[in-house]
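S.K.: One structure is given below, represented as structure tokens, and several questions about it will come after.
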Amino acid sequence: MAPEESNKADGASSAPKRDESDVYDRQIRLWGADAQNKIGKTKVLYVHVTSVSAEIMKNLVLAGVQASLCDGRPLEAMADTPTSFLDPKLFANSGEQQEETNKKVKTQTVAQAMKPHIEELNPLLGDCMIENTLVQDLEDEYFTKFDIVIASRLGMTQSTRIAKAVTDSGGKFYLVDCFGWYGGAIMDLGSQHQYRKELGKDKLSDYQKMDTYVPLEDILNEKLSESTNRFHKTCPPDVWMRYRAILQYQKETNMWPTADKAEHFATSITDWVSKEDGDKAEHILKEDCMGLDELKQLATMATAQVSPVCAVLGGVVGNEVIKVISGKAEPANNALLFDGSTGACQTFLIGNRFKGNNSKAP
């Protein structure tokens, strides 16, 4: 029996190891070796892990994109967040167990909990770097080390700060969130992003810049009454108004809307729209999604993450990131809005009044 066991062991050790060309073979055939090479050199930072950003991370890590995590929140912040990475048992009865053992347990951060799972997902990428410092305590310089930053559950103040630092250094910034049956993603690709349009099989145009560029700060400061286009003549899509209301409330109160804050959320957003949009506010507040009862309902699901919604939006945003990295095909500009109740996902340009402002920029 001993020689047979030895042979088995030898066979296992001599088995061929899978290299990048084996693992990424299908992808190389899909978008080419040059694109896969760019993917392998790209460094992406995920600021705050949520269900939707975890879906994006899963898709990109499997595609060969190096991931780093910045999430110094305690692990309990993920307790109500459905994700395939973390076992729900991590959160079950943790307080009772600590009380019973009467031992001091070092608080684990979200980044620390996620790190081994990301490394296991694609061993070819090696070590997953993590940062346990809270976002507000990090200097701008930290974020400029990365090609792409994908943030979630991050307020407007920190988002605009990080987006400016990242795009000024040539990087890209994404802000992605899901709230109940809805989800939204805002992209700031910088004014110098270039891409090639697909003209047919194996045919690409010359490099060109985005026709319109609106920085994240201007996107978030755009009034709802000004976020229009030929299909939405008086106000933007419902999903954007919902997302913008959630972000506004967090900016004003430093808290995310919840069921117990529903009344305050509804009155705060109504006051904000009335003040911000002036004589056009009445029309916006008559929209189905902006009534007092609807706003109260929105507060109850503002932080709720429905797994199928996160999976769909995560897949769409992941594909957008691949397009940006490879430079192939025109990327979405500058918002993606998903309505899980209808299954519709649309791109929407926030800041339509800036249209064409980047076409002749140097």
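S.K.: How far is helix 156-168 tilted off the main Cα axis of the chain, in degrees rounded to 10, range 0 to 90?
M.R.: 60
S.K.: What is the angle, in °, between the Cα long axis of helix 2-13 and the longest principal axis of the Cα atoms in the chain? Nearest 10 is fine, range 0 to 90.
M.R.: Roughly 40 degrees, rounded to the nearest 10.
S.K.: When you count, for each residue, the other Cβ atoms within 10 Å and take the mean per peptide, how do 311-317, 267-273 rank with the highest first? Could the numbers behind the result be given before it?
M.R.: Details: 311-317: 21.1, 267-273: 18.7.
Per-residue mean Cβ counts within 10 Å order the peptides as 311-317, 267-273.
S.K.: Around Ile150, what is the net charge, scoring Lys/Arg as +1 and Asp/Glu as -1 over all other residues with Cβ under 13 Å from its Cβ? Spell out each step's value before the answer.
M.R.: Details: positive: Lys43, Lys58, Arg153, Lys172; negative: Glu55, Asp71, Asp147, Asp177, Asp188, Glu320.
Taking every Cβ under 13 Å from that of Ile150, the sum is -2.
S.K.: Can you flag which of Lys164/Lys296; Lys43/Lys261; Lys38/Lys251; Lys280/Lys355; Lys197/Lys223 are past 27 Å Cα-Cα?
M.R.: Numbers: Lys164/Lys296 33 Å; Lys43/Lys261 38 Å; Lys38/Lys251 36 Å; Lys280/Lys355 22 Å; Lys197/Lys223 32 Å.
Beyond 27 Å between Cα atoms: Lys164/Lys296; Lys43/Lys261; Lys38/Lys251; Lys197/Lys223.
S.K.: Let me ask another. Indicate the gyration tensor shape class of the chain (rounded, prolate or oblate), computed on the Cα atoms with a ≥ b ≥ c the square roots of the eigenvalues: a/c under 1.5 is rounded; otherwise a/b larger than b/c is prolate and the rest oblate. Walk me through the numbers before you get to the answer.
M.R.: Details: a/c = 2.13, a/b = 1.27, b/c = 1.67.
The shape class here is oblate.
S.K.: Which order do the peptides 224-236, 59-71 come out in when sorted by mean C-beta neighbours inside 10 angstrom, highest first?
M.R.: Result, highest mean Cβ count within 10 Å first: 59-71, 224-236.
S.K.: Under a Cβ-Cβ cut-off of 13 Å, what is the net charge of the residues other than Met290 that fall near it, where Lys and Arg count +1 and Asp and Glu count -1?
M.R.: -4
S.K.: Set Lys and Arg Cβ to +1 and Asp and Glu Cβ to -1, take the dipole of the chain about its Cα centre, and tell me which of Gln136, Leu220, Asn334 lies farthest positive.
M.R.: Selected residue: Asn334.
S.K.: Just how large is the dipole of the chain about the Cα centre, in debye to the nearest 20, putting +1 at every Lys and Arg Cβ and -1 at every Asp and Glu Cβ?
M.R.: On the way: 41 positive and 52 negative charges, 215 e Å.
The calculation lands at about 1040 debye.
S.K.: Here is a further query. When you count, for each residue, the other Cβ atoms within 10 Å and take the mean per peptide, how do 159-166, 248-255 rank with the highest first? Spell out each step's value before the answer.
M.R.: Working: 159-166: 22.1, 248-255: 15.6.
Final packing ranking: 159-166, 248-255.
Each reported figure results from applying straightforward, stated rules to the coordinates on display, with no laboratory input. Because the structure is predicted, anything quoted here is derived from the model rather than measured. In this analysis, Cβ positions are derived from the backbone assuming ideal geometry, glycine residues included, and neighbour counts consider all displayed protein chains.
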